[in-house]
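Asks: Below are the structure tokens for one structure; questions will follow.
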Amino acid sequence: MYISGESLIVILFVGLVAGWLAGKIVRGAGFGIIGDIVVGIAGAFVASFLFPKLGIHIGTRLVSEIIYSAIGAILLLLVVRLVRTGGRF
């Protein structure tokens, strides 16, 4: 997988937005603004790699990136919540 400099900047920016959005959606599982942003960026990387491979296409261009990244960040926050609470929500 090749990521150009421009797409890396887009992934980071979208990750910032997605992390904030995921922190608002998954209440109680957030790590503060900085932690949510880091999780959002990780979710953006995971989503930008995984969703196109699965053939999932939602929206176009930046809108789809934000949606993918938000979903990826939400999933990561839920997984982290499961790990932190020992398997309980």
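Asks: Nearest 500 deg cm²/dmol is fine: what mean residue ellipticity at 222 nm does the chain get from its DSSP H runs of n ≥ 4 alone, each adding -39,500 (n - 2.57), divided by its residue count?
Replies: -27000 deg cm²/dmol
Asks: Here are labelled values, (1) 81; (2) 110; (3) 96, and one is the computed volume of the Cα convex hull per residue in Å³ for what I pasted. Which one?
Replies: Comparing each candidate, only (3) matches the computed number.
Asks: Now a separate question. Of the options ILE41, LEU8, LEU75, report the single residue whose Cα projects farthest towards the positive end of the charge dipole of the chain (beta-carbon charges: Lys, Arg +1; Asp, Glu -1).
Replies: Going by the Cα projections, it comes out as LEU75.
Asks: How would you rank VAL14, VAL26, going from fewest to most other Cβ atoms within 10 Å of each one's own Cβ?
Replies: If I rank by nearby Cβ atoms, fewest first, I get VAL26, VAL14.
Asks: In debye, nearest 20, what is the charge dipole magnitude of the chain about its Cα centre with +1 on Lys and Arg Cβ and -1 on Asp and Glu Cβ, if you could check?
Replies: Dipole about the Cα centre, nearest 20: 360 debye.
Asks: Rounded to whole Hz and in sequence order, give me ³J(HN,Hα) for region 12-23 from the Karplus expression 6.51 cos²θ - 1.76 cosθ + 1.60, θ = phi - 60°, writing x for Gly and Pro.
Replies: So the J values, rounded to whole Hz, are 5, 5, 5, x, 4, 5, 5, x, 5, 5, 5, x.
Asks: Next question, about the same structure. Could you grab the relative contact order for region 5-84? Cα pairs under 8 Å, six or more apart, rounded to a whole percent.
Replies: 38 percent
Each reported figure results from applying straightforward, stated rules to the coordinates on display, with no laboratory input. These numbers were taken from a predicted model, which means no experiment stands behind them. Every residue, glycine among them, receives a Cβ derived from its backbone with ideal geometry; neighbour counts consider all protein chains shown.
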